[in-house]
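**Q** Attaching a single structure in C-alpha coordinates format; questions to follow.
The values are calculated or read from the model by the stated rules, or taken from the named source; none is laboratory data. The structure displayed is predicted, hence computed values, not measured ones. Cβ sites come from the backbone with ideal geometry, for glycine too, and all protein chains shown count toward neighbours. Just the protein is used for accessible areas: all its heavy atoms, side chains included, with ligands, DNA and RNA removed. Shrake-Rupley method; radii C 1.70, N 1.55, O 1.52, S 1.80 Å.
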Amino acid sequence: MADLMPTQLCWQIPTNSVAHHTSRFASSNLIVRRGQPFDCTVYFNRTPQPGESLSFIAETGQSPSEANHTRTTFAVSALAGGCWSAVQVSRESNYVNFTISSPPVAPIGHYKLSLQVTCGNKVTSRLLGPFVLLFNPWCTGDPVHLANEAERQEYVLNENGIIFVGNAQYIEARGWYYGQFQQNILNLCLLLLDLSLYHRQDPAGDTSRRGDPRYVGRVVSSMVNGNNNDNGVLEGKWNADFAHHENPSRWSGSTAILQKWAQDKYRPVQYGQCWVFAGVAGTVLRCLGIPTRLVTNFNSAHDTNGNLSIDKYYDPTGKSLKIGEDSTW
(Lines give C-alpha, C1' and ligand atoms only; values in the text may rest on other atoms or scores of the structure.)
Protein backbone atom coordinates (compact mmCIF):
# COMPACT_ATOMS: atom_id res chain seq x y z
CA MET A 1 0.00 0.00 0.00
CA ALA A 2 1.29 3.45 -0.91
CA ASP A 3 2.33 5.79 1.87
CA LEU A 4 -0.46 8.10 3.01
CA MET A 5 0.14 11.58 1.58
CA PRO A 6 -1.91 14.79 1.44
CA THR A 7 -2.67 15.80 -2.13
CA GLN A 8 -4.69 19.00 -1.72
CA LEU A 9 -5.70 21.52 0.93
CA CYS A 10 -8.86 23.59 1.10
CA TRP A 11 -8.57 26.51 3.54
CA GLN A 12 -12.35 27.15 3.53
CA ILE A 13 -11.52 30.84 3.15
CA PRO A 14 -15.08 32.20 2.72
CA THR A 15 -16.21 30.72 6.04
CA ASN A 16 -13.01 31.40 7.96
CA SER A 17 -12.62 34.99 6.77
CA VAL A 18 -16.12 35.92 7.95
CA ALA A 19 -15.63 34.23 11.34
CA HIS A 20 -12.24 35.94 11.81
CA HIS A 21 -13.30 39.39 10.54
CA THR A 22 -10.73 39.26 7.73
CA SER A 23 -13.07 39.14 4.74
CA ARG A 24 -12.27 42.76 3.80
CA PHE A 25 -8.64 41.99 3.00
CA ALA A 26 -7.97 42.12 -0.74
CA SER A 27 -6.12 38.80 -0.66
CA SER A 28 -6.64 35.24 -1.87
CA ASN A 29 -4.68 33.80 1.08
CA LEU A 30 -6.04 32.52 4.38
CA ILE A 31 -5.88 35.27 7.00
CA VAL A 32 -6.98 34.32 10.52
CA ARG A 33 -6.73 35.74 14.01
CA ARG A 34 -4.95 34.02 16.87
CA GLY A 35 -6.74 32.29 19.72
CA GLN A 36 -9.70 31.40 17.50
CA PRO A 37 -10.42 28.11 15.68
CA PHE A 38 -10.41 27.86 11.90
CA ASP A 39 -11.42 25.02 9.58
CA CYS A 40 -9.63 23.28 6.73
CA THR A 41 -10.04 20.19 4.58
CA VAL A 42 -7.13 17.91 3.66
CA TYR A 43 -7.42 15.54 0.69
CA PHE A 44 -5.34 12.33 0.60
CA ASN A 45 -4.09 9.91 -2.02
CA ARG A 46 -6.04 7.15 -0.23
CA THR A 47 -8.16 6.52 2.84
CA PRO A 48 -6.26 6.86 6.16
CA GLN A 49 -5.91 3.50 7.90
CA PRO A 50 -5.88 2.49 11.58
CA GLY A 51 -2.36 2.86 12.96
CA GLU A 52 -1.65 5.99 10.91
CA SER A 53 -1.60 9.03 13.20
CA LEU A 54 -1.75 12.62 11.99
CA SER A 55 -0.11 15.74 13.37
CA PHE A 56 0.25 19.31 12.13
CA ILE A 57 3.36 21.50 12.14
CA ALA A 58 2.98 25.29 12.29
CA GLU A 59 6.06 27.44 11.60
CA THR A 60 6.84 31.13 11.28
CA GLY A 61 10.03 33.06 10.59
CA GLN A 62 13.32 32.31 8.84
CA SER A 63 14.58 29.82 11.44
CA PRO A 64 11.56 28.43 13.28
CA SER A 65 12.26 26.58 16.51
CA GLU A 66 10.32 25.16 19.42
CA ALA A 67 12.62 27.01 21.84
CA ASN A 68 11.50 30.36 20.39
CA HIS A 69 7.84 29.28 20.11
CA THR A 70 8.00 29.79 16.34
CA ARG A 71 7.61 26.10 15.49
CA THR A 72 5.22 23.61 17.04
CA THR A 73 4.03 20.09 16.28
CA PHE A 74 0.58 19.16 17.57
CA ALA A 75 -1.32 15.92 17.20
CA VAL A 76 -4.88 15.66 15.96
CA SER A 77 -6.78 14.98 19.18
CA ALA A 78 -8.94 17.71 20.72
CA LEU A 79 -9.01 21.50 20.81
CA ALA A 80 -7.27 23.02 23.81
CA GLY A 81 -6.99 26.60 24.98
CA GLY A 82 -3.61 28.28 25.25
CA CYS A 83 -1.75 26.10 22.73
CA TRP A 84 -1.83 24.93 19.12
CA SER A 85 -4.34 22.11 18.79
CA ALA A 86 -6.40 20.28 16.17
CA VAL A 87 -9.43 18.02 16.07
CA GLN A 88 -10.90 15.87 13.33
CA VAL A 89 -14.44 17.05 12.60
CA SER A 90 -15.50 14.57 9.91
CA ARG A 91 -14.05 12.35 7.21
CA GLU A 92 -14.88 10.72 3.91
CA SER A 93 -12.97 8.17 1.86
CA ASN A 94 -10.36 10.61 0.54
CA TYR A 95 -10.57 13.72 2.70
CA VAL A 96 -10.76 14.82 6.33
CA ASN A 97 -12.19 18.02 7.80
CA PHE A 98 -10.16 19.53 10.63
CA THR A 99 -10.53 22.41 13.06
CA ILE A 100 -7.27 24.05 14.18
CA SER A 101 -6.75 26.57 16.96
CA SER A 102 -3.76 28.75 17.86
CA PRO A 103 -2.70 30.27 21.20
CA PRO A 104 -4.03 33.79 21.90
CA VAL A 105 -0.42 34.95 22.41
CA ALA A 106 1.17 33.26 19.36
CA PRO A 107 3.59 35.37 17.28
CA ILE A 108 1.77 37.05 14.40
CA GLY A 109 2.97 36.90 10.81
CA HIS A 110 3.36 34.57 7.85
CA TYR A 111 3.02 30.87 8.73
CA LYS A 112 3.51 27.56 6.99
CA LEU A 113 1.31 24.59 7.86
CA SER A 114 2.55 21.03 7.25
CA LEU A 115 1.00 17.63 7.89
CA GLN A 116 2.99 14.88 9.58
CA VAL A 117 2.00 11.22 9.15
CA THR A 118 3.33 8.61 11.58
CA CYS A 119 3.00 4.89 10.90
CA GLY A 120 5.03 2.67 13.17
CA ASN A 121 8.59 3.97 13.12
CA LYS A 122 8.12 5.86 9.87
CA VAL A 123 7.44 9.61 10.00
CA THR A 124 6.83 11.72 6.91
CA SER A 125 5.74 15.32 6.57
CA ARG A 126 4.53 17.45 3.69
CA LEU A 127 3.89 21.17 3.36
CA LEU A 128 0.20 22.01 3.05
CA GLY A 129 0.35 25.75 2.49
CA PRO A 130 0.87 29.25 3.90
CA PHE A 131 -1.44 31.39 5.98
CA VAL A 132 -1.27 34.65 7.96
CA LEU A 133 -1.96 34.98 11.68
CA LEU A 134 -3.00 38.34 13.17
CA PHE A 135 -3.79 39.82 16.57
CA ASN A 136 -7.36 39.20 17.71
CA PRO A 137 -9.32 41.95 19.49
CA TRP A 138 -12.33 39.58 19.57
CA CYS A 139 -10.47 37.00 21.72
CA THR A 140 -10.60 37.51 25.49
CA GLY A 141 -7.21 35.80 25.93
CA ASP A 142 -5.44 38.17 23.53
CA PRO A 143 -3.85 41.23 25.19
CA VAL A 144 -5.36 43.42 22.45
CA HIS A 145 -8.91 42.30 23.32
CA LEU A 146 -11.63 44.95 23.18
CA ALA A 147 -14.94 44.09 24.81
CA ASN A 148 -16.96 46.73 22.96
CA GLU A 149 -18.00 45.74 19.43
CA ALA A 150 -18.51 49.36 18.35
CA GLU A 151 -14.91 50.11 19.34
CA ARG A 152 -13.66 47.05 17.43
CA GLN A 153 -15.51 48.21 14.35
CA GLU A 154 -14.02 51.70 14.64
CA TYR A 155 -10.44 51.02 15.79
CA VAL A 156 -9.74 47.84 13.83
CA LEU A 157 -12.09 47.60 10.85
CA ASN A 158 -12.77 51.21 9.84
CA GLU A 159 -10.62 52.27 6.87
CA ASN A 160 -11.58 55.95 7.14
CA GLY A 161 -10.96 58.41 9.92
CA ILE A 162 -10.28 62.00 10.92
CA ILE A 163 -6.96 63.50 12.01
CA PHE A 164 -7.01 66.85 13.80
CA VAL A 165 -4.27 69.28 12.74
CA GLY A 166 -3.45 72.96 13.16
CA ASN A 167 -2.84 74.61 16.53
CA ALA A 168 -4.65 75.15 19.81
CA GLN A 169 -6.24 78.38 18.48
CA TYR A 170 -7.24 76.90 15.12
CA ILE A 171 -8.05 73.20 15.00
CA GLU A 172 -8.79 71.66 11.61
CA ALA A 173 -10.25 68.19 10.94
CA ARG A 174 -8.82 66.32 7.95
CA GLY A 175 -10.10 63.08 6.53
CA TRP A 176 -7.59 60.22 6.40
CA TYR A 177 -7.85 56.97 4.45
CA TYR A 178 -6.14 54.19 6.37
CA GLY A 179 -6.83 51.55 3.71
CA GLN A 180 -5.55 48.68 5.86
CA PHE A 181 -7.46 46.08 3.83
CA GLN A 182 -6.38 47.20 0.36
CA GLN A 183 -4.32 45.17 -2.11
CA ASN A 184 -0.86 44.24 -0.82
CA ILE A 185 -1.05 46.48 2.28
CA LEU A 186 -0.95 43.50 4.67
CA ASN A 187 2.15 42.12 2.93
CA LEU A 188 3.83 45.53 3.19
CA CYS A 189 2.96 45.81 6.88
CA LEU A 190 4.51 42.40 7.60
CA LEU A 191 7.51 43.23 5.41
CA LEU A 192 7.95 46.44 7.41
CA LEU A 193 8.56 44.26 10.48
CA ASP A 194 11.11 42.14 8.60
CA LEU A 195 13.03 45.19 7.35
CA SER A 196 13.41 46.69 10.83
CA LEU A 197 16.76 46.85 12.61
CA TYR A 198 15.20 44.70 15.35
CA HIS A 199 14.75 41.87 12.86
CA ARG A 200 18.00 42.34 10.98
CA GLN A 201 20.01 42.24 14.20
CA ASP A 202 18.17 39.23 15.70
CA PRO A 203 15.76 37.52 13.26
CA ALA A 204 14.87 34.60 15.54
CA GLY A 205 14.39 36.73 18.65
CA ASP A 206 12.39 39.37 16.82
CA THR A 207 10.02 36.82 15.29
CA SER A 208 9.53 35.19 18.69
CA ARG A 209 8.58 38.52 20.29
CA ARG A 210 5.89 39.31 17.71
CA GLY A 211 3.30 37.80 20.03
CA ASP A 212 3.62 40.91 22.22
CA PRO A 213 1.61 43.88 20.85
CA ARG A 214 3.72 46.32 22.89
CA TYR A 215 6.88 45.11 21.18
CA VAL A 216 5.25 45.17 17.73
CA GLY A 217 4.05 48.72 18.43
CA ARG A 218 7.60 49.84 19.20
CA VAL A 219 8.90 48.28 15.98
CA VAL A 220 6.15 49.94 13.94
CA SER A 221 6.83 53.31 15.58
CA SER A 222 10.51 52.99 14.73
CA MET A 223 9.91 51.91 11.13
CA VAL A 224 7.34 54.57 10.23
CA ASN A 225 9.99 57.22 10.88
CA GLY A 226 12.78 56.66 8.35
CA ASN A 227 16.26 57.49 9.62
CA ASN A 228 19.74 56.00 9.98
CA ASN A 229 19.32 53.82 6.87
CA ASP A 230 16.71 51.66 8.63
CA ASN A 231 14.38 51.33 5.59
CA GLY A 232 11.76 53.43 7.36
CA VAL A 233 8.63 54.56 5.55
CA LEU A 234 8.69 58.36 5.85
CA GLU A 235 11.30 61.10 6.04
CA GLY A 236 10.25 64.08 8.12
CA LYS A 237 10.70 67.70 7.14
CA TRP A 238 9.31 70.77 8.89
CA ASN A 239 10.42 73.73 6.79
CA ALA A 240 8.65 75.04 3.70
CA ASP A 241 11.21 73.88 1.15
CA PHE A 242 10.02 70.51 -0.15
CA ALA A 243 11.66 70.92 -3.60
CA HIS A 244 10.12 68.39 -6.00
CA HIS A 245 8.89 66.07 -3.27
CA GLU A 246 5.47 65.77 -1.64
CA ASN A 247 4.33 68.53 0.70
CA PRO A 248 3.18 66.70 3.87
CA SER A 249 -0.08 68.63 3.90
CA ARG A 250 -1.09 67.03 0.59
CA TRP A 251 -1.20 63.47 1.89
CA SER A 252 -4.73 62.24 2.55
CA GLY A 253 -4.12 58.55 3.28
CA SER A 254 -1.59 55.84 4.01
CA THR A 255 -1.92 53.50 1.05
CA ALA A 256 -0.25 55.85 -1.45
CA ILE A 257 2.65 56.34 0.98
CA LEU A 258 3.17 52.63 1.60
CA GLN A 259 2.91 51.85 -2.11
CA LYS A 260 5.46 54.55 -2.98
CA TRP A 261 7.75 53.22 -0.25
CA ALA A 262 7.63 49.81 -1.95
CA GLN A 263 8.04 51.26 -5.46
CA ASP A 264 11.15 53.17 -4.30
CA LYS A 265 12.67 49.94 -2.99
CA TYR A 266 11.95 50.73 0.66
CA ARG A 267 13.62 54.13 0.80
CA PRO A 268 11.86 56.72 2.98
CA VAL A 269 9.11 58.64 1.20
CA GLN A 270 9.65 62.40 1.14
CA TYR A 271 8.04 64.01 3.12
CA GLY A 272 5.97 63.53 6.26
CA GLN A 273 5.13 65.40 9.44
CA CYS A 274 3.60 64.36 12.76
CA TRP A 275 0.05 63.61 11.62
CA VAL A 276 1.31 61.77 8.53
CA PHE A 277 3.54 59.52 10.65
CA ALA A 278 0.55 58.88 12.91
CA GLY A 279 -1.74 58.07 9.99
CA VAL A 280 0.65 55.49 8.54
CA ALA A 281 1.27 53.94 11.98
CA GLY A 282 -2.50 53.71 12.44
CA THR A 283 -2.83 51.83 9.16
CA VAL A 284 -0.09 49.33 10.02
CA LEU A 285 -1.39 48.65 13.53
CA ARG A 286 -5.02 48.25 12.47
CA CYS A 287 -3.91 45.99 9.64
CA LEU A 288 -2.06 43.72 12.08
CA GLY A 289 -5.08 43.64 14.40
CA ILE A 290 -4.03 46.10 17.12
CA PRO A 291 -6.89 48.50 17.90
CA THR A 292 -5.66 52.02 17.17
CA ARG A 293 -7.02 55.52 17.70
CA LEU A 294 -5.16 58.68 16.69
CA VAL A 295 -4.95 61.48 19.25
CA THR A 296 -3.62 64.98 18.42
CA ASN A 297 -1.85 67.06 21.08
CA PHE A 298 -1.83 70.82 20.49
CA ASN A 299 0.45 71.87 23.38
CA SER A 300 3.58 69.79 23.07
CA ALA A 301 6.95 69.80 24.79
CA HIS A 302 10.19 67.93 24.18
CA ASP A 303 12.47 67.18 27.15
CA THR A 304 15.80 66.25 25.55
CA ASN A 305 17.90 65.59 28.66
CA GLY A 306 15.45 63.48 30.66
CA ASN A 307 15.18 65.73 33.72
CA LEU A 308 11.38 65.90 33.44
CA SER A 309 11.36 69.67 32.90
CA ILE A 310 11.53 72.08 29.98
CA ASP A 311 14.55 74.29 30.54
CA LYS A 312 14.94 77.79 29.15
CA TYR A 313 17.88 80.08 29.87
CA TYR A 314 18.06 83.88 30.09
CA ASP A 315 20.85 86.37 30.67
CA PRO A 316 20.67 88.99 33.51
CA THR A 317 18.80 91.37 31.21
CA GLY A 318 16.08 88.82 30.44
CA LYS A 319 17.27 88.03 26.95
CA SER A 320 16.67 84.43 25.91
CA LEU A 321 19.83 82.38 25.43
CA LYS A 322 20.16 79.60 22.88
CA ILE A 323 21.28 76.99 25.40
CA GLY A 324 19.86 73.48 25.48
CA GLU A 325 17.57 71.72 23.06
CA ASP A 326 14.33 71.51 25.06
CA SER A 327 11.39 72.95 23.14
CA THR A 328 7.66 73.63 23.24
CA TRP A 329 5.26 74.14 20.36
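**Q** Can you report the number of residues in region 192-217 which are in a helix (DSSP H, G or I), out of contact with any Leu (no Cβ under 8 Å at 6 or more places or on another chain) and open to solvent by less than 30 Å² (accessible area, probe 1.4 Å)?
**A** 7
**Q** Follow-up. Looking at region 95-104, can you tell me whether even one residue there is open to solvent by 60 Å² or more (accessible area, probe 1.4 Å) and without any contact (Cβ under 8 Å) to a residue 40 or more places away in the chain?
**A** Within region 95-104 (the criterion being open to solvent by 60 Å² or more (accessible area, probe 1.4 Å) and without any contact (Cβ under 8 Å) to a residue 40 or more places away in the chain), the answer is no, since none of the residues qualifies.
**Q** Could you say whether any residue in region 172-186 is farther than 27 Å from residue 32 by Cβ, surrounded by 20 or more Cβ atoms within 10 Å (Cβ to Cβ) and in contact with a Ser or Thr (Cβ under 8 Å, 6 or more places away or on another chain)?
**A** Initial filter on region 172-186 (farther than 27 Å from residue 32 by Cβ): 172-176.
Still in the list and also surrounded by 20 or more Cβ atoms within 10 Å (Cβ to Cβ): 176.
Pick out the ones that are also in contact with a Ser or Thr (Cβ under 8 Å, 6 or more places away or on another chain) and you get 176.
Yes; the residues of region 172-186 include at least one that is farther than 27 Å from residue 32 by Cβ, surrounded by 20 or more Cβ atoms within 10 Å (Cβ to Cβ) and in contact with a Ser or Thr (Cβ under 8 Å, 6 or more places away or on another chain).
**Q** Would you call residue 304 free of Cβ contacts under 8 Å to residues at least 60 places away in the same chain and on the phi < 0 side of the Ramachandran plot? Steps first, please.
**A** Working: free of Cβ contacts under 8 Å to residues at least 60 places away in the same chain: yes; on the phi < 0 side of the Ramachandran plot: yes.
It is true that residue 304 is free of Cβ contacts under 8 Å to residues at least 60 places away in the same chain and on the phi < 0 side of the Ramachandran plot.
**Q** Which is assigned to a loop (DSSP other than H, G, I, E, B) and open to solvent by less than 30 Å² (accessible area, probe 1.4 Å), of 143, 137? Spell out the reasoning first.
**A** Values: 143 fails: open to solvent by less than 30 Å² (accessible area, probe 1.4 Å).
Only one candidate qualifies: 137.
**Q** Follow-up question, since we're still on this one. Scan the strands (runs of 3 or more DSSP E) fully inside region 20-125 and keep the ones with 1 or more residues being of a type in the set (Asp, Glu) and within 30 Å of the chain's Cα centre (by Cα).
**A** On the way: elements: 31-33, 38-44, 52-60, 71-75, 85-91, 95-101, 109-119.
The qualifying strands (runs of 3 or more DSSP E) are 38-44, 52-60.
**Q** Being of a type in the set (Ser, Thr, Tyr) and touching a Gly at 6+ places or on another chain (Cβ under 9 Å) is the filter; apply it to region 227-258 and report the residue that is surrounded by the fewest Cβ atoms within 10 Å (Cβ to Cβ).
**A** The selected residue is 252.
**Q** To continue, here is another question. Can you name the residue in region 289-301 that is under 23 Å from residue 214 (Cβ atoms) and in contact with a strand residue (DSSP E or B) (Cβ under 6 Å, 6 or more places away or on another chain) and, of all such residues, is surrounded by the most Cβ atoms within 10 Å (Cβ to Cβ)?
**A** Per the stated criteria, the residue is 289.
**Q** Could you check region 138-177 and list, in sequence order, the residues that are hydrophobic (A, V, I, L, M, F, W, C) and over 19 Å from the mean Cα position of the chain (by Cα)? Steps first, please.
**A** Of the residues in region 138-177, the ones hydrophobic (A, V, I, L, M, F, W, C) are 138-139, 144, 146-147, 150, 156-157, 162-165, 168, 171, 173, 176.
147, 150, 162, 163, 164, 165, 168, 171, 173, 176 - these are the residues of region 138-177 that are hydrophobic (A, V, I, L, M, F, W, C) and over 19 Å from the mean Cα position of the chain (by Cα).
**Q** Could you list all residues from region 29-54 that are hydroxyl-bearing (Ser, Thr, Tyr) and closer than 30 Å to residue 140 by Cβ?
**A** Residues of region 29-54 hydroxyl-bearing (Ser, Thr, Tyr): 41, 43, 47, 53.
Passing the criteria: only 41.
**Q** Next up: Being in contact with a strand residue (DSSP E or B) (Cβ under 6 Å, 6 or more places away or on another chain) and either over 22 Å from residue 184 (Cα atoms) or basic (Lys, Arg) (or both) narrows it down to one of 232, 236, so name that one.
**A** That would be 236, the only listed residue that is in contact with a strand residue (DSSP E or B) (Cβ under 6 Å, 6 or more places away or on another chain) and either over 22 Å from residue 184 (Cα atoms) or basic (Lys, Arg) (or both).
**Q** Just to check your reading of the model, which residue among 224, 220 is under 23 Å from residue 70 (Cα atoms) and open to solvent by less than 10 Å² (accessible area, probe 1.4 Å)?
**A** Numbers: 224 fails: under 23 Å from residue 70 (Cα atoms).
Criteria check complete, one pass: 220.
**Q** Could you grab me the full set of residues in region 275-329 that are in a loop (DSSP other than H, G, I, E, B) and of a type in the set (Gly, Ala, Ser)? Before you say what the answer is, go through the steps one by one.
**A** Taking region 275-329 as the starting set, the residues that turn out to be in a loop (DSSP other than H, G, I, E, B) are 289-300, 303-312, 315-319, 322-326, 329.
Matches in region 275-329: 289, 300, 306, 309, 318, 324.
**Q** Which of the residues belonging to region 259-274 are in a helix (DSSP H, G or I), surrounded by fewer than 22 Cβ atoms within 10 Å (Cβ to Cβ) and in contact (Cβ under 8 Å) with a residue 60 or more places away in the chain? Write out each step before concluding.
**A** Of all residues in region 259-274, those in a helix (DSSP H, G or I) come to 259-263, 274.
Next cut, surrounded by fewer than 22 Cβ atoms within 10 Å (Cβ to Cβ) only: 259-260, 262-263, 274.
Residues satisfying the conditions are 259, 262.
**Q** If a residue has to be hydrophobic (A, V, I, L, M, F, W, C) and over 18 Å from the mean Cα position of the chain (by Cα) to count, how many in region 235-266 make the cut? Let's see the steps before the verdict.
**A** Taking region 235-266 and keeping what is hydrophobic (A, V, I, L, M, F, W, C), we get 238, 240, 242-243, 251, 256-258, 261-262.
Narrowing the set further to residues that are over 18 Å from the mean Cα position of the chain (by Cα) leaves 238, 240, 242-243, 251, 256.
Qualifying residue count, region 235-266: 6.
**Q** Turning to a different aspect of this structure: Under 8 Å between Cβ atoms, which residue pairs at least 6 apart in sequence (or on different chains) link something in region 313-329 that is on the phi < 0 side of the Ramachandran plot and among the β-branched types (Val, Ile, Thr) with a partner that is open to solvent by 90 Å² or more (accessible area, probe 1.4 Å) and not in a strand (DSSP E or B)?
**A** 328/299
**Q** I'd like to check something: does region 156-170 contain any residue that is within 26 Å of residue 61 (Cα to Cα), at pLDDT 95 or above and crowded, with 19+ Cβ neighbours inside 10 Å?
**A** From region 156-170, those within 26 Å of residue 61 (Cα to Cα) are 156; that's our starting set.
Pick out the ones that are also at pLDDT 95 or above and you get 156.
In the following step, the residues that additionally are crowded, with 19+ Cβ neighbours inside 10 Å were identified as 156.
Yes, some residue in region 156-170 is within 26 Å of residue 61 (Cα to Cα), at pLDDT 95 or above and crowded, with 19+ Cβ neighbours inside 10 Å.
**Q** Continuing with this model, one more query. How about region 13-52: which of its residues are open to solvent by 60 Å² or more (accessible area, probe 1.4 Å) and touching a Cys at 6+ places or on another chain (Cβ under 9 Å)?
**A** Once the filter is applied, which keeps residues that are open to solvent by 60 Å² or more (accessible area, probe 1.4 Å) and touching a Cys at 6+ places or on another chain (Cβ under 9 Å), region 13-52 yields 43, 49, 51.
**Q** Given the residues 90, 114, which is the only one that is under 25 Å from residue 61 (Cβ atoms) and open to solvent by less than 60 Å² (accessible area, probe 1.4 Å)?
**A** Criteria check complete, one pass: 114.
**Q** Report yes if residue 125 is open to solvent by 20 Å² or more (accessible area, probe 1.4 Å) and under 16 Å from residue 42 (Cα atoms), otherwise no. Explain how you work it out, then say what you get.
**A** On the way: open to solvent by 20 Å² or more (accessible area, probe 1.4 Å): yes; under 16 Å from residue 42 (Cα atoms): yes.
Yes.
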